[in-house]
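Participant: This is the structure, below, for whatever I ask next.
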Amino acid sequence: MAELRDSLSWYPPAAVVASPSLSSAAAEAPPADGVDRISALPDDILRDVVSRLPVRDAARTAALAPRWRGLWRSAPISLRDADLLPASDEDFPFDCDRARAAVGRILADHPGPLRKVQLTCCVSWSRYQEIEEWARLLAAKDVQDLILLVGLVLDGEDSAPPNTAAVIRRGTDIAFPFLKEFVMCHSKMRDEDLEHMLACSPELRMLALVSSRMPLRIRLHGPNLLCMILLMSLADELAVVDAPRLERLILWRTIGGDDFPMVVKIDRAPALRVLGYLEPIVHQLQIGNIVIDAETKASPSSIVPSVKILALKVNFGNYRDINMLVSFLRCFPNVETLHIESSMFGETTVMDRVKFWRKVDLIECLKSHVKKIAIHEFRGNQSEFEFLEFIGMFVQNLQLLLLMLTKEKSASTDEVDELFHQLETLFARPWLWATEDIKLVLRGCKRENRVSFPAAYDLSVDPFM
């Protein structure tokens with residue numbers, strides 16, 4: 001149950017919102033002349049109204065007046081199985097036969113198109129043939145946005161889930177020409193299934209895999225793909241093969257298989273602007289044919305100049321981590337906003353880190369472009385302060401330094417006061433800072449750092465802030 005709740009918390013907000021107060025307000029204040037002005041609106045406007053209603057209310061509009069009877073069937077409706085559950089069973093029910101039957105009827109009866117479909121409560125792998133039929137209907141009805149929670153047996157049966165996308169691959173006639181957003185959770189998908197899914201979805205803008213253990217090799221391609229999100233998932237490789245419009249590649253709590261690093265390969269992504277979180281201990285970065293390691297020097301074939309927002313997760317006390325931090329930064333010379341989550345994972349290396357940072361050659365992005373640096377899960381330990389001294393000396397255009405404290409550090413007023421005093425002392429050394437116009441913000445946090453799903457796929461905001 002907890003795993004299901006956590007998975008659902010990552011989903012984008014619902015396309016429709018039930019608002020009983022609106023209908024009650026209208027009922028209490030009818031027009032003085034008794035004229036139904038809403039029904040007099042053009043069909044296109046009424047269809048747009050119907051498409052934004054929960055599906056149960058959208059169907060009920062047919063009973064309002066003769067003018068409304070055909071609108072539901074001609075409107076691009078939004079379908080959420082959660083809206084079809086009885087009020088007493090809304091809290092993640094497992095007995096949802098009626099909702100499942102209603103979903104089947106709606107998919108069969110409505111001619112389409114389907115504006116947004118979110119099936120997260122009543123999908124049961126024990127009814128595999130039903131899911132296969134739903135996939136065919138979704139494709140035939142030109143679904144635009146699809147969220148599908150898979151890999152759960154909701155009826156208490158002990159059966160292993162079959163391949164998630166086999167229902168798509170089985171029939172070569174199945175295609176999703178209008179699908180724009182696709183989110184899968186707990187997926188069991190073979191590599192070739194995802195390949196087929198992407199090939200038959202030419203308008204796909206956003207792809208998200210949450211709590212996924214398959215596919216093992218994710219190969220991204222698509223003429224219109226803008227955003228890829230991989231959350232709490234396992235994969236051997238994530239390769240951007242050919243995605244000319246891809247702007248965001250979001251990774252969070254990902255790992256490789258069989259104790260090997262997960263390969264993150266960037267071949268063709270000329271529009272990539274946002275990337276992260278990359279973790280040296282978890283990810284093996286590859287740009288084209290060049291595997292990035294601690295010895296990699298910046299060259300035209302080993303950089304991604306389009307990236308403006310970069311997020312990394314490193315242990316400042318670990319020699320390999322800080323070595324790879326420097327190498328990663330060299331690969332993205334035009335970064336303007338840098339996020340680093342301070343990790344405690346891995347052993348602290350006994351070394352002279354001050355000497356290490358002083359020997360680092362100038363890094364292009366720090367020298368010329370970085371304006372904002374946010375360090376998340378900041379604890380105020382010695383290795384973090386050594387890094388602050390490094391960026392103070394070399395980041396010449398820095399405007400904002402944001403230190404996000406850990407939840408534990410934020411809870412102690414004495415520790416926060418002590419940390420603030422240490423920072424005051426650091427900033428009181430003007431010879432240490434390459435620029436004087438730096439705004440320092442120390443912010444407490446009530447929870448651990450995490451990527452917000454709505455922010456991750458909202459192209460107008462920084463998803464890591």
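Participant: Residues of the stretch 371-405 being under 24 Å from the mean Cα position of the chain (by Cα) and open to solvent by less than 10 Å² (accessible area, probe 1.4 Å), which ones?
Facilitator: Initial filter on the stretch 371-405 (under 24 Å from the mean Cα position of the chain (by Cα)): 372-378, 402-405.
Of everything in the stretch 371-405, those that are under 24 Å from the mean Cα position of the chain (by Cα) and open to solvent by less than 10 Å² (accessible area, probe 1.4 Å) turn out to be Ile373, Ala374, Ile375, His376, Phe378, Leu402, Leu403, Leu405.
Participant: Filter the stretch 34-67 down to the residues that are part of a loop (DSSP other than H, G, I, E, B) and of a type in the set (A, V, I, L, M), then identify the one that is nearest to Arg105 (Cα to Cα).
Facilitator: Only one residue tops the list, namely Leu53.
Participant: If I ask for residues that are open to solvent by 70 Å² or more (accessible area, probe 1.4 Å) and over 24 Å from Met351 (Cβ atoms), which ones from the stretch 406-424 would you list? Give the steps one after another, and end with the answer.
Facilitator: The first filter runs over the stretch 406-424 and keeps only residues open to solvent by 70 Å² or more (accessible area, probe 1.4 Å), leaving 407-408, 411, 413-415, 417-418, 420-422, 424.
Scanning the stretch 406-424 gives Lys407, Glu408, Ala411, Thr413, Asp414, Glu415, Asp417, Glu418, Phe420, His421, Glu424.
Participant: Let me ask you something else. Please enumerate the residues belonging to the stretch 46-85 that are polar (S, T, N, Q) and open to solvent by less than 20 Å² (accessible area, probe 1.4 Å).
Facilitator: Residues satisfying the conditions are Ser51, Thr61, Ser78.
Participant: Next question, about the same structure. In the list Glu384, Glu424, Glu448, Glu418, which residue meets the criterion of being outside any loop (DSSP other than H, G, I, E, B), within 30 Å of Arg253 (Cβ to Cβ) and either touching a residue at least 60 places away in the same chain (Cβ under 8 Å) or not small (Gly, Ala, Ser) (or both)?
Facilitator: When all the criteria are applied, what remains is Glu384.
Participant: Report whether or not Ser211 is closer than 19 Å to Asp258 by Cα, open to solvent by 10 Å² or more (accessible area, probe 1.4 Å) and of a type in the set (S, T, N, Q). Show your work before the answer.
Facilitator: Details: closer than 19 Å to Asp258 by Cα: yes; open to solvent by 10 Å² or more (accessible area, probe 1.4 Å): yes; of a type in the set (S, T, N, Q): yes.
The answer is yes for Ser211.
Participant: If you don't mind, another one. Every residue in the stretch 186-215 that is among the small types (Gly, Ala, Ser) and in a helix (DSSP H, G or I), please.
Facilitator: Matches in the stretch 186-215: Ala199 only.
Participant: Is it the case that some residue within the stretch 348-356 is in a loop (DSSP other than H, G, I, E, B), modelled with pLDDT under 90, open to solvent by less than 50 Å² (accessible area, probe 1.4 Å) and within 17 Å of Gly317 (Cβ to Cβ)?
Facilitator: Yes, the stretch 348-356 contains at least one residue that is in a loop (DSSP other than H, G, I, E, B), modelled with pLDDT under 90, open to solvent by less than 50 Å² (accessible area, probe 1.4 Å) and within 17 Å of Gly317 (Cβ to Cβ).
Participant: For the structure I just gave you, tell me whether Ala108 is open to solvent by 50 Å² or more (accessible area, probe 1.4 Å), at pLDDT 80 or above and of a type in the set (A, V, I, L, M, F, W, C). Don't jump to the end; show me each part of the working.
Facilitator: On the way: open to solvent by 50 Å² or more (accessible area, probe 1.4 Å): yes; at pLDDT 80 or above: yes; of a type in the set (A, V, I, L, M, F, W, C): yes.
In short, yes.
Participant: Just to check your reading of the model, which residue among Ile303, Ile218 is of a type in the set (A, V, I, L, M), assigned to a strand (DSSP E or B) and either at pLDDT 90 or above or more than 21 Å from Ala456 (Cα to Cα) (or both)? I'd like the intermediate steps shown before the answer.
Facilitator: Working: Ile303 fails: assigned to a strand (DSSP E or B).
The match here is Ile218.
Participant: Enumerate the pairs (first residue in the stretch 169-195 and modelled with pLDDT of 80 or more; second residue anywhere and assigned to a helix (DSSP H, G or I) and surrounded by fewer than 20 Cβ atoms within 10 Å (Cβ to Cβ)) with beta-carbon separation below 6 Å, excluding pairs fewer than 6 apart on the same chain, so at least 6 apart or on different chains.
Facilitator: Every condition considered, the pairs that remain are Asp193/Arg169.
Participant: Look at the stretch 229-256 and say how many of its residues are over 20 Å from Ser343 (Cβ atoms), open to solvent by 10 Å² or more (accessible area, probe 1.4 Å) and of a type outside the set (Asp, Glu).
Facilitator: Result for the stretch 229-256: 3.
The values are calculated or read from the model by the stated rules, or taken from the named source; none is laboratory data. All values derive from a computational prediction rather than experimental measurement. Counting neighbours? That spans all protein chains shown, and the Cβs are built from the backbone with ideal geometry, glycine included. These area figures cover heavy atoms from the full protein model, side chains too; ligands, DNA and RNA do not enter into them. Shrake-Rupley method; radii C 1.70, N 1.55, O 1.52, S 1.80 Å.
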